[in-house]
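Just below is one structure, and these are the notes that go with it.
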Amino acid sequence: MDSVFKVTLHGGFRIKRTRGLRLALGHGLLLLVLTCATAFADGLKPTPPPPSSAAADPTAAPLSSKSIYQLDVSFTTDEGRPFSLRELRGEPVVLTLFYTSCQAACPRMVEEMQRIEAALPEKAAQHTHFVLITFDPETDTVAALKAYRTARRLDARWILARGSTEDVRMLAMTLGIQYKQEGAMFAHSNLISILNREGELSFQHSGFSEKIDEFLSALQSAK
Amino acid sequence: MRLGLLAVSVFSLHVAIFGATGRITASSPAVATTPPPHSFAPGAPAGIPDDAPVIPAGEYRPILRGPKDADVTAVAPFRIARRPVTNIEFLAFVLANPQWRKSRVSPLFAESDYLAHWKGDTVLGPNAPAASPVVYVSWFAARAYTKWKGGRLPSTAEWERADSAGFSQLDSTKDKAFADYVSDWLGHPTPAILPAVGSTPTNALGVQDLQGLIWEWVEDFNSSLVTGESRADNGLDRNLFCGAGSVGSADRSNYPAFMRAAFRSSLKANYCVKNLGFRCAWTLYSK
């Protein structure tokens, strides 16, 4: 009996198993348990939306492989609201990184973005996001960002946000922005980016430009 | 007999979850003969490896710094992996995180050379010995790995602090043997197939391979602003950077440090380079 044992199946018949088969049975049982566990775990997952709803809502479709919205980062707006880049999907975006206490380049970059906003046809401007993310989350609290919005007269189309040092670095890396803290100041690339409706980088401009034609045509073609 | 059943059960569990690992060992004979220097459990990130030394609090003197930068930056104590991450360790990460396979990775996070020395998605092949450092990895991939391991990439200051020791002296500037070793390494091209990690001497802080094997990613490599502002006098557009014309040199004799600063400043986060790998670091005390 040591090398042979008997198993009664639900059907009521008895079969004999050798020691080797017993091991195989143990193996199989484990796989069965694993399969059941996987099926159970699957059952706990939220039911994916039916394909028709994805077709109706373009934001439910998978992101393109070049979309910056794939980044697992999160921010907080100057209103204290959690903000995900993915919210911007569906409309073109003018985006830069800045910090409110910057007395050199950042005011000029924001002015440049304001000129872009002013030059856009009203309908296009209404469907364009203007986003400022701070390099300096320590100083740029929600209140500081709110004060900056008021001082710069930035309307509701503008999103001002702060995030963890890690998440800001991740975004900066994705956009190819170099920066470095120097005491209370930051040395940084002066770079304004345009994202298309899918969050893909469609245009970047380094430095300052009196002409904003390139931005306008980039926004026009930012499908 | 119960032990036998247990062994088979464990094996079956392994196969059920990590079926592809059989292909790895088949194509990488080094796995069987040379165990990876870091113990790891596929799919189950371990804690901080026991052999990861604690780097005591110290200081970092940036080789390039702006007028507003302090001469010396204090570095809090931290732990750093004794050796860089190996191919086999990175393979465990790729198996557990399929979005980091060569065929699936987003071009945003890794350029086309990502894991170029691997034979396939989950096959190392002859150019990527299991115990050699993983290279051709982007900053994003390196960062994702360290996060998966419950760690992070070292900062520039931390990496330089760990490298501040020589082989026999805590101050590398007083260790001629170390200086000669580094100069000799920098004078040689990267071999087609990299040696195993741990093949270089241990420094006085208990860390290996910081010199003599590969270059390594650091968390804040994009803070090496030596592209525009430090060359402002040569007519490059100073509008490109805020804080222009600010960077000067602290120690013109430290040629390897210049090399590292220049190399870091030339990188972008999705670059994958044949001699650029990484290692994990861990915060010792949270703020």
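Below, the figures for the structure above:
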| read-out | value |
| --- | --- |
| Shielding by partners, peptide A:187-193 (average Cβ within 10 angstrom, other chains) | 5 |
| Flagged links, alpha-carbon separation over 20 Å, of A:180/A:211; A:66/B:268; B:119/B:268; A:180/B:268; A:66/A:146 | A:180/A:211; B:119/B:268; A:66/A:146 |
| Label point at residue A:184 placed 7 Å out along Cα→Cβ; residues across the range A:102-145 whose backbone nitrogen lies under 11 Å | A:102 |
| Sites matching GluC sites (Glu not before Pro) across the range A:56-115 that sit in DSSP coil, with at most 13 neighbouring C-beta atoms within 10 Å | A:79 |
| Proximal charge balance of residue B:129 [Cβ under 15 Å; K/R count +1, D/E count -1] | +1 |
| Burial ordering of B:161, A:108, fewest other beta-carbon atoms within 10 Å first | A:108, B:161 |
| Residue-averaged beta-carbon neighbours from other chains (10 angstrom radius) around A:163-174 | 3 |
| Sequence-distant aspartates and glutamates (8 or more away, or on other chains) whose Cα lies within less than 16 Å of residue B:149 | B:50, B:51, B:89, B:219 |
| Prolate/oblate/rounded label for the range B:110-195 (Cα gyration tensor, a/c 1.5) | oblate |
| Residues whose placed amide H lies under 5 Å from that of residue B:165, excluding near-sequence neighbours | B:172 |
| Calculated diffusion of the range A:85-223, Stokes-Einstein form, Kirkwood radius summed over Cα pairs, 20 °C and 1.002 mPa s, µm²/s | 142 |
| Footprinting exposure proxy for A:142, B:135 (fewest neighbouring C-beta atoms within 10 Å first) | A:142, B:135 |
| For B:272, B:280, order by how many other beta-carbon atoms lie within 10 Å, fewest first | B:272, B:280 |
| Volume of the Cα convex hull of the range A:106-167, divided per residue and given in Å³ | 83 |
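Read-outs throughout are calculated quantities, based only on the coordinates presented, and are distinct from any laboratory measurement. Quick caveat, the model's predicted, so the values are computed rather than measured. In this analysis, Cβ positions are derived from the backbone assuming ideal geometry, glycine residues included, and neighbour counts consider all displayed protein chains.
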